Amino acid sequence: MHFEKHDLNMAHYNWSQETQMYEGPPSRRSFDKSNGAQVLFLINHYASFDERLNQQQLHLLEQLLRGELPLEARSEISVFKWMTEQLLYSDKILYK
C-alpha cells in the first residue's frame with residue numbers, strides 16, 4: 001500500500017520542503033518528524049516490505065513516529081530501525 005499526503009491523520013506537518021524528493025533507502029540524513037515529505041518517505045519505505053499493511057496500520061505507524069520516537073533516533077536509518085523494532089518485536093504488533 002502507498003501512503004500519500006492526504007492519507008496522513010495529523011496536521012502538524014511542515015511542507016516547505018515538499019519539493020525535495022526522498023528516494024532510495026533511508027540514509028544518515030537527519031530525520032524531522034514534522035517534515036511531512038520525510039514522514040511519508042519512511043512510512044512508504046516500511047510499507048514496501050510488507051504487503052499486508054493497510055491504511056489503519058499505517059496510521060498507527062504515523063502515530064508512533066509522532067508520539068513515541070525517542071530523541072536518540074536522529075537519522076532516517078535509526079528511525080527506520082526503531083520502527084521495525086516497534087512494529088515487529090513489541091506489543092504494538094500490527095498483525096492481530
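Can you tell me the dipole magnitude for the chain around its Cα centre, using point charges on the Cβ only (Lys, Arg +1; Asp, Glu -1), in Debye to the nearest 20?
140
Which residues' amide hydrogens lie under 5 Å from the amide hydrogen of ASN35, considering only partners 5 or more residues apart or on another chain, with H built in the peptide plane?
Sorted by chain and number, the residues that satisfy this are ASN14.
On full extension of the chain, what length is gained from ASP50 through ASN9, given 0.36 nm per residue of separation minus the C-alpha to C-alpha distance?
The ASP50-ASN9 span can extend by a further 12.7 nm.
Please work out the average accessible area per residue across the chain, using the 1.4 Å probe convention, and give it in Å².
Ligands and nucleic acids excluded, the result is 61 Å² per residue.
Where the accessible area of the chain is counted over protein heavy atoms with a 1.4 Å probe, how much of it, in %, is carbon and sulfur?
Carbon plus sulfur share of accessible area: 50 percent.
Among (1) 44.2, 138; (2) 19.8, 63; (3) 12.4, 37, only one was calculated for this model; which label is it, if the read-out is Rg and Dmax of the Cα atoms in Å?
Here the calculated entry is (3).
Who wins for biggest fluctuation among LEU42, LEU65, LEU53 in a Gaussian network model of the chain, springs between alpha carbons below 10 Å?
With Cα springs under 10 Å in the chain, the top fluctuation among LEU42, LEU65, LEU53 is at LEU53.
The values are calculated or read from the model by the stated rules, or taken from the named source; none is laboratory data. Since the structure is predicted, the reported quantities are computational estimates derived from the model, not experimental observations. Because the Cβ atoms are built from the backbone with ideal geometry, glycine has one as well, and the counts that use them run over all protein chains shown. Accessible surface areas use protein heavy atoms only, side chains included; no ligands, DNA or RNA. Shrake-Rupley method; radii C 1.70, N 1.55, O 1.52, S 1.80 Å.
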